[in-house]
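Working notes, structure below.
The values are calculated or read from the model by the stated rules, or taken from the named source; none is laboratory data. What you are looking at is a predicted structure, and each value in this text was computed from that prediction instead of being measured. As a convention, Cβ positions derive from the backbone with ideal geometry for all residues, glycine included, and neighbour counts pool all protein chains shown. Keep in mind that these areas ignore ligands, DNA and RNA; they rest on the heavy atoms of the full protein, side chains included. Shrake-Rupley method; radii C 1.70, N 1.55, O 1.52, S 1.80 Å.
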Amino acid sequence: MMAQFNATQLTAYFVCGTQDLPAGKTLPKLVEEALEAGITAYQFRDKGPKSTLNEDDRLPMAKELHELCQKYHVPFFVDDDVKLAQKVGAEGIHVGQDDEDISRVIKDVQGKMIVGYSCSTSAEISLADHISGIDYYGSGPIFATQSKDDADPEIGIAGLTKLVQQTDRPIVAIGGITEKDLTQIAGTKAAGAAVISMIAQSSNIAETVAAMLNTNWQH
C-alpha cells in the first residue's frame, strides 16, 4: 500500500535504534510504548558502535517494528537503507546528506514510499528544493546532541527559522530537543519535532509524547 504523506505525521516523530535503549528495555517494547502514547511516525535508525544488532538481526527486527507500527497505523521509516526499507515494505525512507544519493533513492522508491531528506543549511535546502519527490526535510541539530557522534554544529532556533522560511516543504526539527523547547520550535513554523533521547530516556513516555502532540504546530 502506498503511504500517503501528510505533514501532521511529523508532529511527534520518534527516531530510535538499539544504540539508544535505556537499560532493561528492548527496542520493540520501547517502540510499542511510544506508539501507545501516540507518536505520529517512527524511524528505525540503528547504527554506530553501540548498536547491538548484527546484519542478520536487522531484517527480523525491522519486520517486527514495522508490524507494530502497522498495528497503530503509524508510518514506519527506515534510515539510510533502501534495500531494507523495500524488504519490509516500509512506508518511508529517510536519507542524510552523506548517505545514499537522494536522486537515486527517489528513483528507486518514488510512488511507493515517503521520502525524507536531511537538510541543515540554506545551500542544502536550495539544492534539494530543485529535486522533485522529496516530501519533507529533517533539519538540525537544533541543539547539541549526544545521540549522534558525527552531528553537525547546532543551528539553533534562528537557523531553523531561516530554513522554514526558505522552503515550501515541511521541516521536522531534530537534535537535542527537550520538552521545554517544543513551543519555541513550533514558533518557527516547523511541522514537528523528531526526537531520540527525549522519548527513549523519558521516565514517562505517555506524558512526553502528549507534550509533543499538544504543542501548537503549524501544518
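A few notes on this one:
- On inspection, Ser120 qualifies as open to solvent by less than 70 Å² (accessible area, probe 1.4 Å) and over 23 Å from Thr26 (Cα atoms).
- Sole residue being buried (at least 19 other Cβ atoms within 10 Å of the Cβ), under 24 Å from Gln19 (Cβ atoms) and of a type in the set (A, V, I, L, M, F, W, C), chosen from Ile174, Ile102: Ile174
- Qualifying positions in segment 1-33 - in a loop (DSSP other than H, G, I, E, B), open to solvent by 40 Å² or more (accessible area, probe 1.4 Å) and either touching a Gly at 6+ places or on another chain (Cβ under 6 Å) or within 19 Å of Ala90 (Cβ to Cβ) (or both): Met1, Met2, Gln4, Phe5, Asn6
- Members of segment 34-78 found to be of a type in the set (Asp, Glu) and surrounded by fewer than 22 Cβ atoms within 10 Å (Cβ to Cβ), listed by number: Glu36, Glu55, Asp56, Asp57, Glu64, Glu67
So that you can scan it fast, the table gives a plain yes or no per residue for (1) free of Cβ contacts under 8 Å to residues at least 40 places away in the same chain; (2) part of a helix (DSSP H, G or I); (3) among the hydroxyl-bearing types (Ser, Thr, Tyr); (4) open to solvent by less than 40 Å² (accessible area, probe 1.4 Å):
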site: Gly111; (1), (2), (3), (4): no, no, no, no
site: Ile134; (1), (2), (3), (4): yes, no, no, yes
site: Ile142; (1), (2), (3), (4): no, no, no, yes
site: Gly159; (1), (2), (3), (4): yes, yes, no, yes
site: Arg169; (1), (2), (3), (4): no, no, no, no
site: Ser202; (1), (2), (3), (4): yes, no, yes, yes
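- Considering the conditions (1) touching a Leu at 6+ places or on another chain (Cβ under 6 Å); (2) part of a helix (DSSP H, G or I), Ser126 is excluded by exactly one of them, (1).
- Test: residue in segment 172-184 that is assigned to a loop (DSSP other than H, G, I, E, B) and of a type in the set (Gly, Ala, Ser): yes
- Qualifying residue in segment 181-193 (condition: touching an Asp or Glu at 6+ places or on another chain (Cβ under 9 Å) and open to solvent by less than 70 Å² (accessible area, probe 1.4 Å)): yes
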